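Following: one structure in structure tokens, then a few remarks.
The values are calculated or read from the model by the stated rules, or taken from the named source; none is laboratory data. Predicted model, so just to flag it, every value in this text is computed and none were measured. As a convention, Cβ positions derive from the backbone with ideal geometry for all residues, glycine included, and neighbour counts pool all protein chains shown.
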Amino acid sequence: MDIRKVGVIGAGQMGNGIAHVCALAGYDVLLHDVTRERIEAGLATINGNMTRQVASGRITEAQRDAALDRIGAAVNLDAFEATDLVIESASENEAIKRKIFADLCPHLRADALIATNTSSISITRLAASTDRPEKFIGVHFMNPVPVMELVELVRGIATDDDTFDSVRIMAKSLGKKVANAEDFPAFIVNRILLPMINEAVYVLYEGVGSVESIDKAMRLGANHPMGPLQLADFIGLDTCLSIMQVLHDGLSDSKYRPCPLLVKYVEAGWLGRKTQRGFYDYRGEKPVPTR
């Protein structure tokens with residue numbers, strides 16, 4: 001299928017990043033969220049991020065202006081009736097995603113493709129909540145989308161070759177490198193990354209090291225660009241917990257048990273950068289460890 005017009009559901013950090021790279025690559029984009037205010041906030045973020053790209057010399061002003069002109073607001077799902085591909089990027093919550101797909105499908109052309117940006121949930125199971133499982137695929141972008149090169153492509157059991165090929169070509173046209181992953185809980189990146197983050201939280205929970213010492217150890221001892229607790233804050237502790245729960249439930253292995261301290265932080269509403277507090281407190285001039 002020749003993909004020209006793309007819909008994005010979810011105007012948050014991941015969704016606005018996906019809309020950003022699609023528009024820069026020449027696709028017409030419609031951005032949707034539950035309120036117009038959230039859509040406008042997403043569009044403002046895209047504008048700010050593209051302006052920073054202009055300032056750094058990565059794109060020209062003309063490229064930014066043309067890309068912004070290609071992005072429109074979709075207040076209602078019926079705006080997606082002319083789209084070739086819709087990418088869902090809502091919260092990492094299966095019930096929410098299934099409801100979105102049930103509401104979306106009646107508004108799409110019969111040949112339109114659907115993709116989900118889920119970072120851990122079964123593609124086969126999500127596809128079954130649509131009227132077109134053969135035209136459904138997992139397209140897991142990395143955060144921040146405009147910067148990170150990788151996209152994980154995940155086929156469900158019913159995904160057909162035409163869907164896979166069309167979306168693979170489209171992902172490459174965005175300047176992304178593609179890694180094919182099988183439909184197992186958390187796929188490749190998060191199957192490896194999140195247990196490491198969860199183990200870092202256990203190391204903190206058991207008093208083996210402080211927030212600062214754990215992050216310093218992994219930055220300097222393993223040459224990681226960011227410490228695991230700093231990275232957890234960047235991802236969002238609620239997302240980290242959700243992925244660990246998917247791994248624990250889906251693979252039934254105790255090694256994926258979420259650390260009780262991670263659960264406690266999420267229960268407190270300390271979700272990381274997006275709430276200004278997580279393993280670090282971001283409300284001052286510089287981040288300060290909270291433990």
Among the candidates Asp183, Asp165, residue that is acidic (Asp, Glu) and surrounded by 15 or more Cβ atoms within 10 Å (Cβ to Cβ):
Asp183
Within the range 141-190, the residues that are of a type in the set (Lys, Arg) and under 15 Å from the mean Cα position of the chain (by Cα) are Lys176
Identity of the residue in the range 126-169, of a type in the set (D, E, K, R) and in a loop (DSSP other than H, G, I, E, B), that ends up nearest to Ile100 (Cα to Cα):
Asp131
Examine the range 33-54 for a residue that is under 17 Å from Met170 (Cα atoms) and surrounded by 24 or more Cβ atoms within 10 Å (Cβ to Cβ), and state whether such a residue exists.
no
Mind counting the residues in the range 11-32 that are in contact with a strand residue (DSSP E or B) (Cβ under 6 Å, 6 or more places away or on another chain) and surrounded by 18 or more Cβ atoms within 10 Å (Cβ to Cβ)?
11
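Every residue, every condition in (1) at pLDDT below 95; (2) of a type in the set (Ser, Thr, Tyr); (3) surrounded by fewer than 15 Cβ atoms within 10 Å (Cβ to Cβ), yes or no:
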{"residue": "Met244", "(1), (2), (3)": "no, no, no"}
{"residue": "Pro258", "(1), (2), (3)": "no, no, no"}
{"residue": "Lys264", "(1), (2), (3)": "no, no, yes"}
{"residue": "Ala268", "(1), (2), (3)": "no, no, yes"}
{"residue": "Leu271", "(1), (2), (3)": "no, no, no"}
{"residue": "Lys274", "(1), (2), (3)": "yes, no, no"}
{"residue": "Gly278", "(1), (2), (3)": "no, no, no"}
{"residue": "Pro287", "(1), (2), (3)": "no, no, no"}
The number of residues in the range 100-136 that are among the polar types (S, T, N, Q) and either in the same structural domain as Leu241 (by TED's automatic domain parsing) or touching a Pro at 6+ places or on another chain (Cβ under 9 Å) (or both) is 3
Could you tell me how many of the residues in the range 152-165 are touching a helix residue (DSSP H, G or I) at 6+ places or on another chain (Cβ under 9 Å) and under 21 Å from Ala19 (Cα atoms)?
4
